[in-house]
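Quick notes on the structure that follows.
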Amino acid sequence: MAILLPVSYSLVFLLGLSLNGALLWSVCCRTRRWSSTVIYLTNLAVADLLYVLALPPLIISNAMGGLWPFGNVICKSVRFFFFVNLHCSMMFLTCVSVHRFLGVCFPITAVRLRTKKLALFASGSVWILATAEILPTLFFAHTGVINNMTVCFEMTNPGQFKVYFPYGLFLAIVGFLIPFLVVITCYCSMMKVLYCRAADSISTARTARMRNKSLYTLLAVCLMFVVCFVPYHVARTVYLFVRVYMPGDCGLLNTVMISFKIWKPVVSFNCCANPLLYFLCSERHRQNLRAWLWRRKKRVQPSVVDVGRDTL
């Protein structure tokens, strides 16, 4: 773990900083007309960017074997911003999935509901709700001494796990389970609708390619969401349960703790996967990215926005 966590977090920091920075530049500087999709995308990129900016102290601490040299205030702040932006990322992915679900499954209703005003309201609500959810972290997270070494507890100190347990379950249900069910339901419904339309209609070769691309993109998003979030939250919940109700079983406790630490870097890679999926699935933004990387001064022609190109 002394090598896995600092190396993986460092990779996430470098990739997340560059990819989300490029995505924000592409969206903010190269987009003339802001839509509700762009608003959600920008907020998602900001949440991912703030998430990776909280990683350097954790990289240094893990590289030093868990020693925390930054003090109690930085410990609380890092844990707070780390979890706030993780939850914001999940919530914005949920907003995007509902946004796409309405456009594909209820296109007439979507005209009325998918507005910039509603997107701004939803984005502001996400930041407020995520901050309110994570506020108790400022109480639970703090520094302490273990084996004559100052550490920054990720959740809370061992003596407070029984008090922390209900809050941990609340975060698992509200911050993960509900958004997860919404996202999976929306994307599965979209894939079903697109598949049925493909089977029931006579399409041109170009339309069929676009529809297949949309289906593959939706499937990729579902897989990314499952791989990045499910193992981490399951391992975290199991670790909390064992820590509270089976603390005497040292073998089981060590096993679930190691499993939890292994999946921690995986959930962090989500902040790199979001911009990657967007750039790979959008021709217009691939051109913007190339222009940013190689400083090419060229005019990017606007392309038709479809589910496959804009789906995260």
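None of the figures in this text is laboratory data; all of them are computed from the coordinates on show. As the structure is a computational prediction, the values presented were derived from the model and not from experiment. Heads up, the Cβs are rebuilt from the backbone with ideal geometry, glycines too, and the neighbour counts pull from every protein chain shown.
Amide H neighbours of Thr150 under 5 Å, counting only residues 5+ apart in sequence or on other chains, H built in-plane at 1.01 Å?
Close amide H contacts, sequence-distant or interchain: Trp68.
Among the listed pairs Lys213/Lys261; Lys162/Lys192; Lys76/Lys213; Lys76/Lys117; Lys117/Lys162; Lys116/Lys192, which have their C-alpha atoms separated by more than 32 angstrom in this model? Can you show the working numbers first?
Numbers: Lys213/Lys261 35 Å; Lys162/Lys192 43 Å; Lys76/Lys213 44 Å; Lys76/Lys117 34 Å; Lys117/Lys162 43 Å; Lys116/Lys192 27 Å.
Correct reply: Lys213/Lys261; Lys162/Lys192; Lys76/Lys213; Lys76/Lys117; Lys117/Lys162.
Packing-wise, with mean Cβ within 10 Å as the measure, how do 156-164, 245-253, 77-85 rank, highest first? Provide the component values of the computation, followed by the final result.
Details: 156-164: 15.0, 245-253: 11.1, 77-85: 20.4.
Put in order of decreasing packing, that is 77-85, 156-164, 245-253.
Ranked from highest to lowest mean number of other Cβ atoms within 10 Å per residue, what is the order of the peptides 139-149, 41-51?
Working: 139-149: 13.5, 41-51: 23.4.
Going by the mean number of other Cβ atoms within 10 Å, highest first, we get 41-51, 139-149.
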